[in-house]
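The values are calculated or read from the model by the stated rules, or taken from the named source; none is laboratory data. Only a predicted model underlies this, so the values are computations on that prediction, with no experimental measurement involved. Note that each Cβ is placed from the backbone with ideal geometry, even for glycine, and that neighbours are counted across all protein chains shown. Remember, those area values only see protein heavy atoms, side chains included, never the ligands or the DNA or RNA. Shrake-Rupley method; radii C 1.70, N 1.55, O 1.52, S 1.80 Å.
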Amino acid sequence: MFKIDQPFPDFSLEIYRPEKEDIGHIRLKDFNKKWLILFWYPKDFTFVCPTELADLNRLYSEFKKYNAEIVAASTDTVYTHKGWLEAEELLKGVKFPMAADHNGRLSKGLGIYDEESGVAQRAAFIIDPTGILRAADIVSDSIGRSAAEILRKLKALNFVAKHPGKVCPANWDEGQAVLEPSIKKAGKVFKELK
């Protein structure tokens, strides 16, 4: 299982690297000093999954501006990942690595493996540059997620990491007002955000 604001479990996964058209391996420590978006989806050659990966790829350069790497992961193999990227028009030009948890070891350890279907659930984890889990989302398999919302959360997490003592209100995005908690401000947040 996982816990927010605690170290993310170490892992080792085989990956397909579309930009190099080769296979490699990753571990959590490979992302030392970088934010990691570990983006789980149920399986290749499905219907909602390619729309999510295309959306992430559309904003990939924005994630990179925040020193973040995206790794998409499923219980498929690296060979299936390669075949899917070549077959699905929506996925042409995907740049981020795709991890293969084909034995389900990591997804089971995280508690996101669906034993009945034999695949991982739609989960997104944001891990900070020191290996601490800062955000996790899990949604129903029937709905796709928004890359823009994941990016917004990354921006907020990056901001509070660089500005200790500050907090970001709902729907916060760069340049908007933040809060500095204080007993004197309790019950007066409206005034603070004006």
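Couple of notes before you dig in:
- Rounded if a/c under 1.5, otherwise prolate or oblate - the stretch 1-77, Cα gyration tensor axes: rounded
- Considering only Lys43, Lys29, Lys166, the mean-square fluctuation computed in a Gaussian network model of the chain, springs between alpha carbons under 10 angstrom, is largest for Lys166.
- Each Cα pair under 8 Å and six or more residues apart adds its separation to the average, and for the chain the resulting relative contact order is 25 percent.
- Shown for the stretch 22-119: the carbon plus sulfur share of the solvent-accessible area, taken with all protein chains present and a 1.4 angstrom probe, equals 51%.
- Bridgeable aspartates and glutamates around Lys33 (alpha carbons under 18 Å apart, same-chain partners fewer than 8 residues away excluded): Asp5, Asp10, Glu62, Glu69, Asp128.
- Using a Förster distance of 35 Å, the FRET efficiency for Val139-Ser61 (Cβ separation, nearest 0.05): 0.90
- Counting only DSSP H runs of at least 4 residues, each contributing -39500 (n - 2.57), and dividing by the residue count of the chain, the helix-based mean residue ellipticity at 222 nm comes to -7500 deg cm²/dmol.
- Cα gyration tensor category, rounded, prolate or oblate, for the stretch 83-135 with a/c compared to 1.5: oblate
- Distance violations [Cα-Cα > 32 Å] among Lys3/Lys155; Lys162/Lys185; Lys34/Lys185: Lys34/Lys185
- A Gaussian network model of the chain, with springs between Cα atoms under 10 Å, assigns the largest mean-square fluctuation among Asp128, Asp76, Asp173 to Asp173.
- Amide H partners (placed H, <5 Å) of Glu69, local residues excluded: Trp35, Leu36, Ile37
- For the chain, built as a Gaussian network whose Cα springs stay under 10 Å, the top-fluctuating residue of Ala135, Ala100, Ala87: Ala87
- Cα-projected label distance for Gln176 with Thr46, points at 7 Å along beta-carbon direction, nm: 3.0 nm
- Whether the stretch 155-194 is rounded, prolate or oblate, judged on the alpha carbon gyration tensor where a/c under 1.5 counts as rounded: oblate
- Correct choice for semi-axes √(5λ) of the Cα gyration tensor in Å that was computed from the model, options (1) 32, 17, 16; (2) 29, 17, 14; (3) 30, 21, 15: (1)
- Legend: helices of the chain (whole DSSP H runs) are marked when their alpha-carbon atoms reach 15 angstrom or more along the helix axis and their mean Kyte-Doolittle hydropathy is at least -0.5; marked are 147-162.
- Gain upon complete extension [Glu115, Glu86; 0.36 nm per residue less C-alpha separation]: 7.6 nm
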